[in-house]
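For reference, the structure is listed below as C-alpha cells.
The values are calculated or read from the model by the stated rules, or taken from the named source; none is laboratory data. What you see is a predicted model; the values in this text were computed from it and never measured. We place every Cβ from the backbone using ideal geometry, glycine too, and count neighbours over all the protein chains shown.
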Amino acid sequence: MSKLATALAGVRRLGRPRLPRGSMLALGSTLALGLVLAGCAGSGRHSGAPAGTSPGAGSNPPATDSTAPSATGSTPAAPCQRWLCAPEQPEQLGGGYTVRLWSSAAPTGVPSPDLSTPVLQLLQDGQHRQWWVGRSGFGWSAKLDCLAASAAAPAHCAVLAEVGSHAGTAELVVLRSGALVSSPRASVSFDGGRPLAADLDHDGWLDVLGTENDYKPNYATGHNYWATYRFADGGLNRTGCALRRRLAEPAPDRLLTGDCPAVFAS
C-alpha cells in the first residue's frame, strides 16, 4: 500500500470521533502535501525506459546486450515506439522460441529517424521474453535472416540494415540460455548498401557478404568488390574479396579468399 493510501486508510479509521476544526485543517494540509510528494515520486519512476526493457533505439546501446528476459511474460512498450514501428512476421528458432523484427515507419515527419536502429522481439510459446536493440543501421530498412537451432549451431539471426546513402551493417545475434546475445565482434559494416547473409561454408552458421568500394578516385567512379565474412569464435571475420564487375551479377555462393582493396584491407 502506498503512503497516500495508508494515510487515507488512517483517516477512515479515525472517522468516528469528531475532530476539532483546527485538527481537520492540519490533516487536510498533511494529505495535500502527501499528494504532491507522491506525484513527484511517481514522475521520477516513469521518466526513463520501462523496467525490464532495453534502452530506446535512439540511445546508445551498450557493447553487450542490455535486456533481461521478462519473467512475467508481459509485453512492455517497444523501444522503437516513438518511430511508429510495427512487427514483421515471426521467425521460428526452435524450442518454442520465435523472433520478429520490428520495422520503423518511413522517415516522413518522424523526429530523428536516423536514430531508429533495428529492434528484435524474442518470444517463447507466444509470450514476450526480451527486446534487443541494434547498435546501428536504419530501423525502416532492416531485414532479418535466421537459422533455427540444429546439431551444428544454436539458433541465430543476421540483422541486416542500410546506413546513410550507400552504407550497410550486419549484426549476428545468437539465442543462448533463453536470451538474444551479440557482441561487437559480430558486427561489421559495408560501403555498398544492405549486406546479405547465407551459410556459405555449410557449417550451420550464417555468414555475411556485402559490397565495398576502393574509392579510386572516389566512390562514384571507384571499383566495387564483394567481401565475405565468416562467423567463428563469436565474431565475423573477413575471409577475402572479389571484384564485382556488375551490380546485377549474382552474389558469391562461397567464402572468398582473394585480395581486398587497400582502402579497407586493414
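Residues in region 104-126 that are among the polar types (S, T, N, Q) and surrounded by fewer than 13 Cβ atoms within 10 Å (Cβ to Cβ) were compared, and the one that is modelled with the lowest pLDDT is T108. Suppose the filter is assigned to a loop (DSSP other than H, G, I, E, B), hydroxyl-bearing (S, T, Y) and surrounded by fewer than 18 Cβ atoms within 10 Å (Cβ to Cβ); does S150 pass it? The answer is yes for S150.
The numbered conditions (1) assigned by TED's automatic domain parsing to the domain that holds P184; (2) surrounded by fewer than 19 Cβ atoms within 10 Å (Cβ to Cβ) are all true for L101 except (2).
For P261, state whether it is of a type outside the set (D, E) and under 27 Å from A148 (Cα atoms). Judged against the criteria, P261 is not a match. For region 182-236, the set of residues classified as in contact with a Lys or Arg (Cβ under 8 Å, 6 or more places away or on another chain), aliphatic (A, V, I, L, M) and farther than 24 Å from L122 by Cβ consists of L200, A227, listed by residue number. Cβ separations smaller than 7 Å between residues 6+ apart or across chains give the following pairs from region 142-157 residues that are within 16 Å of Q121 (Cα to Cα) to residues that are among the polar types (S, T, N, Q): A142/S103; A148/Q92. Considering each residue of region 223-232 in turn, at least one proves to be farther than 19 Å from H156 by Cα and either more than 31 Å from the chain's Cα centre (by Cα) or not assigned by TED's automatic domain parsing to the domain that holds S136 (or both). Looking across region 76-94, the residues that are out of contact with any strand residue (DSSP E or B) (no Cβ under 8 Å at 6 or more places or on another chain) and either at pLDDT below 90 or assigned to a loop (DSSP other than H, G, I, E, B) (or both) come down to A77, R82, W83, L84.
Just the residues that are in contact with a Leu (Cβ under 9 Å, 6 or more places away or on another chain) and more than 15 Å from A232 (Cα to Cα), please, taken from region 147-162.
Initially, region 147-162 is screened for residues in contact with a Leu (Cβ under 9 Å, 6 or more places away or on another chain), giving 147-149, 153-160.
Within region 147-162, L147, A148, A149, V159, L160 qualify.
Within region 201-266, considering only strands (runs of 3 or more DSSP E) that don't extend past its boundaries, which have at least 1 residues that are in contact with a Pro (Cβ under 9 Å, 6 or more places away or on another chain), closer than 30 Å to L175 by Cβ and of a type in the set (V, I, T)?
Of the strands (runs of 3 or more DSSP E) lying wholly inside region 201-266, those with at least 1 residues that are in contact with a Pro (Cβ under 9 Å, 6 or more places away or on another chain), closer than 30 Å to L175 by Cβ and of a type in the set (V, I, T) span 207-213, 224-232.
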